[in-house]
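These notes concern the structure reproduced below.
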Amino acid sequence: METTSDPSSTSAPSSLAQKLGRFDEGLASLALALMVLLPLAEIALRPLMGRGIENASVLVQHLGLLLAMFGAVAAERHGHLSTLGSGLGQRGSERSRALVQAAAKGSAALLCGMLAWASWSFVASELETAHPLAYGLPTWWVQAAMPLGFALLGLRLASRCAQGLWLRLALCLALPLAGWLLAAAADGQGGPLWPALTLLLLALLAGAPVFAVLGGLALALFWSDGLPLASIALSHYQITVNPSLPALPLFTLAGLVMARTGAAQRLGALFVALFGGGARGTVLAAAVLCSAFTAFTGGSGVTILALGGLLLPLLRNAGYPEQRGIGLVTSASALGVLLAPSVPLIMYAVIARVPIMDMFLAGLLPALVMVACLLLFGGFLRGSAPAASEAGVRPNLRQALAAAWTAKWELLAPVVAIGSLASGLATPTESAALTAAYALLTQALAHRELSWRLLGRCLSECAQLIGGVMLILGMALALTNFLVDAGIPDLAVEWVQGAIPNKYLFLLALCAFLFLAAALMEIFAAIAVLVPLLLPLAQSYGIDPVHFGIIFLAAMEVGFLCPPAGMNIYFAAAMFDKSIRYVARAVLPAMLAIFVGTLLVAVLPVLSTGLAALLARAPAG
């Protein structure tokens, strides 16, 4: 994972850097707050005044662009941009490791300069038309956040290449500017591809951020074919202002608010009371709670941080072995990907262009299957505790009802999220805004646990998380668009159908391939890159897009547990103060269980499509 920034400058520049840091963080947080407020105002104004805010949905989408760019800058400052680790940077002497890390940051800064030029080229083309966004505000004013954001990222990354103040300042100017000039000179020219691919691979292994490597790969491919580099910025812009995308940060904000308040403790008490307080009951409670909590928090790492300190002591006190307890919490936190309203579930619906509500319904039964497979095939229920120790700790209805009343506001959050969407009362964005506002109000007013300071922290954390994700998505989509235009999916369909004529053999090969991809690719990059390539292939075998999406996401769950992209291992190692190897051994059984669960989901499409089909027939019956 990316390391946090190291303060190595004089006090004046450091103070200036802190102010700049607060600026990007504050702007991203303000954009997120407005993304919550504008849909709510729209819902209120429509029945009262007959019309709402001018172009409210488009405004919210473009606020998402501001959130993405400045949230990413804040994420870089806090060391939260995703990498695949620094394999090269962990070898040799301290000096050689420092040089490798400087090379990784420097190459990323150079690429950011190139992306800044590509973005400015796109914005310059928009200046000629000058479409108004709302209330006379030109759209290009917001679009200008792209070149500005990439330039700031380049400056910050370049500043980490050296220790001395003057050298840092020189690199801050030289590296992004060199990237800018290189992109301007190379645009539309064409050239050899392999040297660029080799350098990008070395940068990735050295620890360069994933978004920079994906963006560099897109730049290399477009350059090699003589295509305009502004197309990369166009792809980033299109995915960032997608009408369904605002749901991502809003649902994530709701989950983070619950994770940072006492919601986790209240839900934990409820689930333990429901399943009983013995080892077996606590195991069941931990598996279900971690899965459900991840669906709302937007990241399984957040679940580990929010629930790990609560659940591991409960498991230990019930006589459960510590290493298996760590394996359970770490692996169960990855299973919420299939439950509404998880970020990857929404992201797949956006990329595959299927209704979000269809994906919400499709994930419910497969999620239960994956939890059952984790407990049974992962061995987490075997030998939980002697039978005698389970006596007297059976589920307690009175305690469960009392705990449910205490956690009533948290239990109603999914009803608000899914009910408002399923009933047709709200669009996906409005539903997400309602859920975020509900979480804020209940934790602030009903429980009085959300202070202004904590609210600011939640807004900042959400902006950083979504900013880092959106950078990866934008660059990955540019890469995918190139591959689609090159006809790669059609070639893949033709070749695979000739090699694998049987549908079930294809499903087996698909699951194996996705497991390998999950270990090597960050989940959002995998969704943006692989889904457009593999979905036509799956459809050629008669696989429904919704069913394929559930197979894809189920297989991707193992990626949270497998290095180098397995972030859950790193979070768990830090949370429980254990080595990465210790945690990796703890989750090995879970990886097998997830593979078995993915195969079951793949060969039984009714698990994914049956519930939606049943509900569709219900009114006619």
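The values are calculated or read from the model by the stated rules, or taken from the named source; none is laboratory data. For clarity, every value in this text was computed on a predicted model and none was experimentally measured. All Cβ positions, even for glycine, are placed from backbone atoms using ideal geometry, and neighbour counts span all protein chains on display. Heads up: the accessible areas ignore ligands, DNA and RNA and are worked out on the full protein's heavy atoms, side chains in. Shrake-Rupley method; radii C 1.70, N 1.55, O 1.52, S 1.80 Å.
Helix 408-422 axis versus longest C-alpha principal axis of the chain: approximately 60°, rounded to the nearest ten. Once backbone amide H atoms are built at 1.01 Å from N, residue 133 has 139 as its partners under 5 Å, excluding neighbours fewer than 5 places away on the same chain. On full extension, the segment bounded by residue 411 and residue 45 gains 128.9 nm, given 0.36 nm per residue less the C-alpha separation. Measuring only protein heavy atoms, the 1.4 Å probe finds residue 105 accessible over about 20 Å². Once a ≥ b ≥ c are taken as the square roots of the eigenvalues of the Cα gyration tensor of the chain, is the result rounded (a/c under 1.5), prolate (a/b larger than b/c) or oblate (a/b not larger than b/c)? It comes out rounded by the Cα gyration axes. Near residue 341, once Lys and Arg are set to +1 and Asp and Glu to -1 for all other residues with Cβ below 15 Å from its Cβ, the sum equals -3. When a/c is below 1.5 the answer is rounded, else prolate if a/b is larger than b/c, else oblate, so apply that to the stretch 35-78 with a ≥ b ≥ c taken from the square roots of the Cα gyration tensor eigenvalues. Since a/c reaches 1.5 and a/b is larger than b/c, the shape of the stretch 35-78 is classed as prolate.
Look at the alpha carbon pairs under 8 Å that are at least 6 residues apart: their mean separation over the length of the chain gives a relative contact order of 18 percent.
Accessible surface for residue 266 stands near 30 Å², nearest 10, in the context of the full protein assembly shown (1.4 Å probe). Against the chain, whose longest principal axis comes from its Cα atoms, helix 545-556 is set at around 90 degrees. Per residue, the accessible area of the stretch 440-545 comes to 44 Å² when a 1.4 Å probe rolls over the protein heavy atoms. Entry note, the stretch 510-587: relative contact order of 35 percent, from Cα contacts under 8 Å with a spacing of 6+ residues.
Prolate is the label for the stretch 71-181, because the ratio a/c of its alpha-carbon gyration tensor axes (a ≥ b ≥ c) is 1.5 or higher and a/b is greater than b/c. Residue separation of residue 449 and residue 425 scaled by 0.36 nm, minus their Cα-Cα distance, works out to 5.7 nm of gained length.
Between helix 210-224 and the chain, what is the angle of the helix's C-alpha long axis to the longest principal axis, kept within 0 to 90° and rounded to the nearest 10? Tilt relative to the chain: about 50 degrees. Summary of packing: across the peptides 132-141, 517-526, the per-residue average of other C-beta atoms within 10 Å ranks them, highest first, as 517-526, 132-141.
Near residue 66: Cβ cut-off under 15 Å, other residues only, Lys/Arg at +1 and Asp/Glu at -1. The net charge is -2. Taking label positions 7 Å along the Cα-Cβ direction at both residue 173 and residue 488, the computed distance is 4.0 nm, reported to one decimal. Computed on the stretch 133-178, with alpha-carbon pairs under 8 angstrom and 6+ residues apart, the relative contact order is 31 percent. Normalising the Debye intensity of the stretch 311-461 to I(0), with uniform scatterers on Cα atoms only, and taking log10 at q = 0.09, 0.13, 0.16, 0.19 Å⁻¹ returns -0.43, -0.88, -1.19, -1.30. Against the criterion of solvent-accessible heavy-atom surface with a 1.4 angstrom probe, 582, 348 sort, most first, into 582, 348.
On the basis of the beta-carbon distance and an R0 of 51 Å, residue 495 and residue 402 show a calculated FRET efficiency of 0.25. Distances between placed amide hydrogens fall under 5 Å for residue 54 paired with no residue 5 or more residues away or on another chain.
Just to confirm my numbers, what's the Cα centroid distance between the stretch 433-468 and the stretch 154-173 in Å? Using only Cα atoms, the two centres lie 34 Å from each other. Inter-label distance, residue 441 to residue 130: 4.2 nm, where each label sits 7 Å from its Cα along the C-beta direction. On the basis of the beta-carbon distance and an R0 of 30 Å, residue 96 and residue 323 show a calculated FRET efficiency of 0.30. Grab the beta carbon distance between residue 265 and residue 189, set R0 = 60 Å, and tell me the FRET efficiency rounded to 0.05. The value I calculate is 0.50. Rolling a 1.4 Å probe over the protein chains gives residue 112 an accessible area of about 0 Å².
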